[in-house]
Amino acid sequence: MAKKKATPSLRRQLLQWLMIPILVLMLIGALVTYGLAIAFATEGYDQALVDCIHSIASHIVSRDGRVVVDLPPVALEILKDNAKDKLYYQVKDSHGDVIASDTRIPDTEFGDASDLNEKEPDYTYGRIRGEEVRIASLLFREPKSGGKVVIQVAETLRAREEFADKILIGLVVPQLFIVVGIGLAIFFGIRRGLTPLNNLRDAVAMRTPHDLGPIPEENVPREVRTLVSAINGLLERLHMDIEAQRRFVANAAHQLRTPVAGLKTQTELALRQTDPADIKHALTLIRTSADRATRLTNQLLTLARTGPEAQDPRTRAVIELSDVAKAVMGELVPQAVERNIDIGFEGASEPATVLGDRWSLHELCSNLIENAIRYTQNGGRVTVRVFAIGDKERVFEVEDNGPGIPEPERSRVFERFYRVPEDGLGKKSSGSGLGLAIVREIANSHGADVKIMSARATEGTIVQVRFSANISESSLIGDIGLDRRAVIAICDK
């Protein structure tokens, strides 16, 4: 069993995104400050070494043509008076021979006196008696004889290291307190800033399954308002879907109750008959009622399947309307022949392709053509047309010369279970009243428009369905929400 991936915490991520850069920047700042402080401290200690060199230089004299160091013990003791560090000195002549020294100072990077000057001392590090020291070297010229000597002073690094430690502690400790304070401020700030999200969570959690109203957006932060709007849209669609299912269940129960009750009554009546002719008549009625119940059930299932909420965009493909219309006509020709109806087809001179679901379009064409055959008188005429209007629209049209649909009824015939009265007494026509409702649902799911017109002034009906012909890749992505791979798959079909 695969290990479930931990859900990231928004609070933890915000803390990380804010604290890590702050810690890094403060560390960089501390290092830079520490480096500058050490540089200034080193400069001060080096200047003290130079002062020692000048003190020793003041005791260099010329005797009998030789340069000597006349440094009294008291002066040397004062020079070395340092409670923390040890000070060493050494004086060499221009040939590298030691004139005066209290210890052997290791050779430095310069080769001889010619590598030094009298103004700028040379600094380097070395080791004396196992301790690291800082060595300052300066070229000195004796005023009387003009002889050159090299004066070197070395000092251990204890005071420098102690000073560096103090600087480091003085920087790090306050910075740690600052970081802790910033962390607490950020933590409570994030906690306070996420309060609206917690309130939103509580508001959603407290809702009952039947409460699908929109979430109030008044006190929602601007950054979350788009999310709340999307959730409200989802709730609205879910509410519409649930309401549609409730209406469908209620309508289906109402519509199926009558034919089922009729079947039961006719069956009981047939069981009481003894005359074969009466039994045959009763069985004929039962078969008719069963056919109607079957048709009603099929149409109810079709209606449930054709709603926009039941459509899967991944089943869409580029379809030729003429092919669908011809296939449907092949299935319904026997019904037209049985009633002596002249049924014809007028196809487009150019391809009439639309983006849609083949099964749904087949149902749309089937319901329109079957309605035309059903409500056209014997010996009438039904014409099916498929044509294009420019490059923008594709039209599927069914025309008949039947009694027609009165103009006041045309807006109502698309309602579920509504049937047009056959006469002035308000008698309803036969059928379930679902055919045009199914047509409208399929048309809506395909972004098409359905229009009913009169074929002539007094009789005949034209039902026209107009589809958009824009099936470019960009429109597929924008209109039905497919990703690019799905679009390529559709266009390849």
*In segment 356-371, is there at least one residue being part of a strand (DSSP E or B) and either modelled with pLDDT of 90 or more or not acidic (D, E) (or both)?*
yes
_The listed residue being closer than 30 Å to I128 by Cβ and in contact with a helix residue (DSSP H, G or I) (Cβ under 9 Å, 6 or more places away or on another chain), out of V153, V172, V224, V228_ = V153
*With a cut-off of at least 2 residues that are at pLDDT 75 or above, touching a strand residue (DSSP E or B) at 6+ places or on another chain (Cβ under 7 Å) and exposed (fewer than 12 other Cβ atoms within 10 Å of the Cβ), name the strands (runs of 3 or more DSSP E) lying wholly within segment 60-111.*
none
*Return the residue satisfying two criteria in turn: it lies in segment 388-424 and is modelled with pLDDT of 85 or more and within 42 Å of the chain's Cα centre (by Cα), and of such residues it is nearest to V337 (Cα to Cα).*
F396
*Counting just the residues of segment 11-47 that are without any contact (Cβ under 8 Å) to a residue 12 or more places away in the chain and within 15 Å of E155 (Cα to Cα), which one comes out surrounded by the fewest Cβ atoms within 10 Å (Cβ to Cβ)?*
E43
*Considering only segment 454-476, how many residues are modelled with pLDDT under 85 and in a strand (DSSP E or B)?*
2
_Some residue of segment 237-260 being at pLDDT below 80 and of a type in the set (S, T, Y)_ = yes
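The values are calculated or read from the model by the stated rules, or taken from the named source; none is laboratory data. Predicted model only: the values in this text are computed from it and were never measured. Cβ coordinates were reconstructed from backbone atoms using ideal geometry, including for glycine residues, and neighbour counts include every protein chain displayed.
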